[in-house]
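These notes are about the structure you will find just below.
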Amino acid sequence: FFLKYKDDLDEFKCIEKILTRNKKIEEELLRTAESGSIADVPLASFMKPNADDLRDFIHCRKFNGKTFHQTKLYGFEKKLNKTLARNQTADEIEAECSFDRPCLVWLAWKLRAEELVLKARQQPVLQVSNLQSSLSFVTTPDEIVAKSASDCLRNSKWVEAVETSIKGVAICSVDDRMIHNADKMVPLMMQRLNSLISIRVDEKCHKHITLAFVRDNLPSVAAQMCLVGHVVSSVETSLCDDRLLVLPSRSTFLKINDDLGKLEGCYLCYDREKDKWIRTGFASGLSTCLGSRIKKHQQNSLSMTEMRKSRFYRYYPSMNASDNFGRIRNGYFEDLDMYCAMAFDLRNVDQICSVDGDDSLFVWSKEVMDFLKKKAKSADVPLKRMQTTAVAYLWEICYDLMLAKNDNMSDSPGFEGLGIFIIDNAHVYFGPHPEF
């Protein structure tokens, strides 16, 4: 069920991109036709688009699917380049090419007036009712938490603890609308969490104690997000795949600077060219902070090895990279701004790590604490250090749930450092992207 949903979603997104790029190419070509008809575009105009653009143009007129079947277009020379020879002119291409000896420029020109055979797909929807009935770990929020999001926001000590302990945010005034919105967020986040677990987390980890920690703390984190102004004004009108975070121009999100870069916690990647959030990230642990994690991303965006491993770097390589998967690029790493989601200063984490107090910011069950104590002992670190690591992972996964599914570049299941495994390495590719 989930694999079919993922395949359908991949096909939908891929075809949508190809059709969008084709429309842009057509608009550019039509500027060169005096009659305004694509049929009258001269062959010379097809010399300007690059090879990838020409493939998209041809794809839309030859194949009704996400795959460009290049071998079906080969002539007897078994190749399909932009031109037959370097520095070939438009007149030479028209005279020397044929369906038995094609090049991309000639083939796109010959097909220019053909009807599009590539059809847009209907966006698949992951049915939450089917999802919940198929998962053994699903419980309702009322069964797993003692405090609701509204309970947190109505507690002045809790609100004060957020203000003094969570860094990189600005506190908003609590009102009835915020309280209502926070309570409505929790079931939405639960639905999205169940979907994320099923799609990204290996089945043997579905009952991992860290995921119980996440479910226990959805109300608390929902209240925190609303309190710092990070949530859209009415989540009730949002669909299951919609963005629930406000855009940075409309909120109190802070860009990570030198001072914030010294803290630990969760960060957000924002594509300012396309005006969308595309990824969340975790930064906590020995020698790791928000600033060092972002520098690591900058380094990785230059590396083809990292691009093969990570969809994020394939879609957002550095413009200074020596090579990249150019045809599937969504932008450049330099297009991204890094914002602080939530952070903490290790010198002030008592309330973050507080257990069972009126101002405790998180739910720490006995089972979770026993698990973290064992991890702390094994790693030879203080228990509070392990708790703050868990909180950073918690923020990362919860902010991930707030992104629009079609914009989200992350394949991470979260809590990898505490024992969660990605499902079958489903998104790790070691060669050209399978869509192409």
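The values are calculated or read from the model by the stated rules, or taken from the named source; none is laboratory data. Treat the numbers as computed from the prediction; the structure is a model and nothing was measured. Here Cβ is always computed from backbone atoms with ideal geometry, including for glycine, and neighbour counts include all displayed protein chains. What goes into the accessible areas is simple: the full protein's heavy atoms, side chains included, and nothing from ligands, DNA or RNA. Shrake-Rupley method; radii C 1.70, N 1.55, O 1.52, S 1.80 Å.
To keep it simple, each residue is scored yes or no on (1) among the aromatic types (F, W, Y); (2) open to solvent by 20 Å² or more (accessible area, probe 1.4 Å); (3) touching a Phe, Trp or Tyr at 6+ places or on another chain (Cβ under 7 Å); (4) in a strand (DSSP E or B).
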| site | (1), (2), (3), (4) |
| --- | --- |
| D242 | no, yes, no, no |
| D258 | no, yes, no, no |
| G261 | no, no, no, no |
| G265 | no, no, yes, yes |
| K274 | no, yes, no, no |
| W277 | yes, no, yes, yes |
| T280 | no, no, yes, yes |
| G285 | no, no, no, no |
| T288 | no, yes, no, no |
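You will find that of M369, M338, the residue that is hydrophobic (A, V, I, L, M, F, W, C) and not in a helix (DSSP H, G or I) is M338 and no other. I'm trying to understand the selection: among the residues of segment 75-84, which are open to solvent by 50 Å² or more (accessible area, probe 1.4 Å) and either in contact with a Gly (Cβ under 7 Å, 6 or more places away or on another chain) or closer than 20 Å to N50 by Cβ (or both)? Matches in segment 75-84: K79, N81, K82.
Scanning segment 366-391 for residues that are more than 22 Å from T288 (Cα to Cα) and under 30 Å from the mean Cα position of the chain (by Cα) yields V368, F371. Has segment 51-61 got at least one residue that is open to solvent by 60 Å² or more (accessible area, probe 1.4 Å) and over 29 Å from the mean Cα position of the chain (by Cα)? Among the residues of segment 51-61, not one is open to solvent by 60 Å² or more (accessible area, probe 1.4 Å) and over 29 Å from the mean Cα position of the chain (by Cα), which makes the answer no. When segment 372-409 is filtered for residues that are open to solvent by less than 10 Å² (accessible area, probe 1.4 Å), of a type in the set (S, T, Y) and within 24 Å of Y315 (Cβ to Cβ), only Y399 remains.
Against the conditions (1) modelled with pLDDT under 95; (2) crowded, with 17+ Cβ neighbours inside 10 Å; (3) touching a helix residue (DSSP H, G or I) at 6+ places or on another chain (Cβ under 8 Å), L302 satisfies every one except (3).
To keep it simple, each residue is scored yes or no on (1) exposed (fewer than 15 other Cβ atoms within 10 Å of the Cβ); (2) at pLDDT 95 or above.
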position	(1), (2)
E115	yes, no
V162	no, yes
A170	yes, no
R177	yes, no
V186	no, no
M190	no, no
L211	no, no
M225	no, yes
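Among the conditions (1) among the small types (G, A, S); (2) surrounded by fewer than 13 Cβ atoms within 10 Å (Cβ to Cβ); (3) not in a helix (DSSP H, G or I), the only one that A39 does not satisfy is (3).
So that you can scan it fast, the table gives a plain yes or no per residue for (1) more than 18 Å from R385 (Cα to Cα); (2) in contact (Cβ under 8 Å) with a residue 40 or more places away in the chain:
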residue: C289; (1), (2): no, no
residue: M307; (1), (2): yes, no
residue: M342; (1), (2): no, yes
residue: K366; (1), (2): no, no
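All of (1) at pLDDT 85 or above; (2) open to solvent by less than 40 Å² (accessible area, probe 1.4 Å) hold for G431 with one exception: (1). Residues being more than 22 Å from the chain's Cα centre (by Cα), of a type outside the set (D, E, K, R) and not in a loop (DSSP other than H, G, I, E, B) are entirely absent from segment 184-204. Yes or no: L361 assigned to a loop (DSSP other than H, G, I, E, B), closer than 25 Å to T288 by Cα, in contact (Cβ under 8 Å) with a residue 12 or more places away in the chain and open to solvent by 30 Å² or more (accessible area, probe 1.4 Å)? It is false that L361 is assigned to a loop (DSSP other than H, G, I, E, B), closer than 25 Å to T288 by Cα, in contact (Cβ under 8 Å) with a residue 12 or more places away in the chain and open to solvent by 30 Å² or more (accessible area, probe 1.4 Å).
Take the conditions within 23 Å of T20 (Cα to Cα), assigned to a helix (DSSP H, G or I) and not charged (D, E, K, R) and apply them to F57. Does it pass? Answer is yes for this residue. All of (1) assigned to a helix (DSSP H, G or I); (2) in contact (Cβ under 8 Å) with a residue 24 or more places away in the chain; (3) of a type in the set (K, R) hold for K295 with one exception: (2).
Considering segment 412-421, the residues that are surrounded by 18 or more Cβ atoms within 10 Å (Cβ to Cβ) and of a type outside the set (G, A, S) include one that is farthest from the chain's Cα centre (by Cα), namely I420. The condition (being of a type in the set (V, I, T), open to solvent by less than 80 Å² (accessible area, probe 1.4 Å) and touching a Ser or Thr at 6+ places or on another chain (Cβ under 6 Å)) is satisfied by just one residue among T32, T89: T32.
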